[in-house]
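To start, the structure under review is shown below, and the notes come after it.
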Amino acid sequence: MSRRIVCTGRGGVGKSTFVALISRYLKPPSLLIDLDPDLSLADMLGFDFHKEGKKTVCEALYEVVEKRKSGKGSSLITTQDMMNSLLWSECLYEDRAFDLITLGTKLTEGCLCFPDELLKKTIPKLAQNYTNIVVDSPAGVEHLNRNIVPIINDLFVICDLSEKSLKHIPRIKKIMEEVGTKYDHFYLVANYEFDQGAEEYLKKSGEIYLGKIEYDANVEEYNLEGKSLLGLPVDSPALVSVKEILTKAGY
């Protein structure tokens, strides 16, 4: 059975950066699932999702809905069945180091409930083919209410240097308890803004604190140039710190 890893936190704390960096050290094969609508994870991994001929889940869903509205396609095939087929053929980006599925931005009126529910039903099937399933969550806590990954092995909460970030921690635990999400480990990770004094707040939080992602000018440079973070040098401060964090988590 695959290891299910979820990375969450407030907007802008560095969730996608963390997911991109840990993907370098996870035992393959890994499936990365980007639930953030801005496609930032693909950018950080150094490729253009659309230039690779792939669609986001929301784009594929929009095409299915429009096709059914126009009367095209068999009426005996449900939207769910059509989407299950498209997830494998048109939404799954495959690479030597990892595979990636991106939720994307919704193109129809309403919420993301259907595409989220689709992924919730599909993840257990996908999990049979991968050693790790890694979810890059959108900002905030709304996605937790949808319980997309009801069974989590390792939950990494990325924190920034703000009071809101600290208040975010108990909110996450409360929501997960209310919706019935089960997890084995609840980890805190500080982003590069933390100094030694600020880290004490997380150490005294009562949760397992694994350390912080060190500042690395190369990360900013690579992101600006559209280069893959997987290409960072082995002595990159960010990479070294992330490797230490994973080691503490038992990887």
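No lab work stands behind these numbers, since they all come straight from the coordinates. Being a predicted model, the structure only gives us computed values, none of them experimental. In this analysis, Cβ positions are derived from the backbone assuming ideal geometry, glycine residues included, and neighbour counts consider all displayed protein chains.
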Query raised in the report: Hey, of (i) 149; (ii) 130; (iii) 190, which did the structure itself give for volume of the Cα convex hull per residue in Å³ when calculated?
Result: (ii)
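Using unit Cβ charges (K, R positive; D, E negative) and no other charged atoms, how large, in debye to the nearest 20, is the dipole of the range 123-214 about its Cα centre?
Values: 11 positive and 14 negative charges, 81 e Å.
Result for the range 123-214 is approximately 400 debye, rounded to the nearest 20.
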**Report entry** the range 3-248, relative contact order in percent, only Cα pairs under 8 angstrom and at least six apart counted
**Finding:** 30
Requested in this report: Would you mind giving the three semi-axes, in whole Å and largest first, of the ellipsoid equivalent to the range 1-106 according to its Cα gyration tensor?
Outcome: 28, 15, 13
Requested in this report: Using a 10 Å cut-off on Cβ atoms, rank the peptides 193-203, 208-218 from the highest mean neighbour count down.
Outcome: 208-218, 193-203
Query - Length-normalised contact order for the range 31-100 - Cα pairs under 8 Å, 6+ apart - percent - result: 46
Requested in this report: Just tell me, in residue order, which DSSP H segments of the chain are both 15 angstrom or longer along the helix axis (alpha-carbon based) and at least -0.5 in mean Kyte-Doolittle hydropathy.
Outcome: 57-69, 113-126, 237-248
Report summary line: Non-local residues with an amide H under 5 Å from the amide H of residue 152, with H modelled 1.01 Å from N and Pro and chain starts lacking one, are 182, 183, 184
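What's the extension gain from residue 96 to residue 142 if we count 0.36 nm per residue and subtract their Cα-Cα distance? If you can, show how the numbers build up before the last one.
Working: separation 46, 0.36 × 46 = 16.56 nm, distance 3.27 nm.
That works out to 13.3 nm of additional length.
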Query raised in the report: Using a basic spin-label model with each label point 7 Å from the Cα along Cα→Cβ, how many nm lie between residue 89 and residue 27?
Result: 3.4
Report summary line: Ranking 31, 45, 85 by how far each Cα lies towards the positive end of the charge dipole of the range 1-91 (+1 on Lys and Arg Cβ, -1 on Asp and Glu Cβ), the top one is 31
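Treat the range 1-58 as a sphere of radius equal to its Kirkwood radius over Cα pairs and apply Stokes-Einstein at 37 °C in a medium of 0.692 mPa s; give the translational diffusion coefficient in µm²/s, rounded to a whole number. Can you show the working numbers first?
On the way: Rh = 12.6 Å.
Value of D from the Cα-based Kirkwood radius: 260 µm²/s.
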Query raised in the report: Based on the Cα coordinates of the range 166-235, what is the per residue volume of their convex hull in Å³?
Result: 145
Report task. Please sort by residue number the trypsin sites (Lys or Arg not before Pro) in the range 1-74 whose DSSP state is loop and whose Cβ has at most 15 other Cβ atoms within 10 Å. Result -> 51, 72
Report task. Select from 153, 226, 176 the residue farthest towards the positive end of the dipole of the range 150-245; place +1 on Cβ of Lys and Arg, -1 on Cβ of Asp and Glu, and compute about the Cα centre. Result -> 176
Requested in this report: Please give the peptides 168-175, 34-41, 131-138 ranked by average Cβ packing (other Cβ atoms within 10 Å per residue), highest first, as a rough proxy for protection.
Outcome: 131-138, 34-41, 168-175
Query raised in the report: residue 120: which lysines have alpha carbons under 22 Å from its alpha carbon, excluding same-chain residues fewer than 8 sequence positions away?
Result: 15, 54, 55, 106, 173, 174, 182
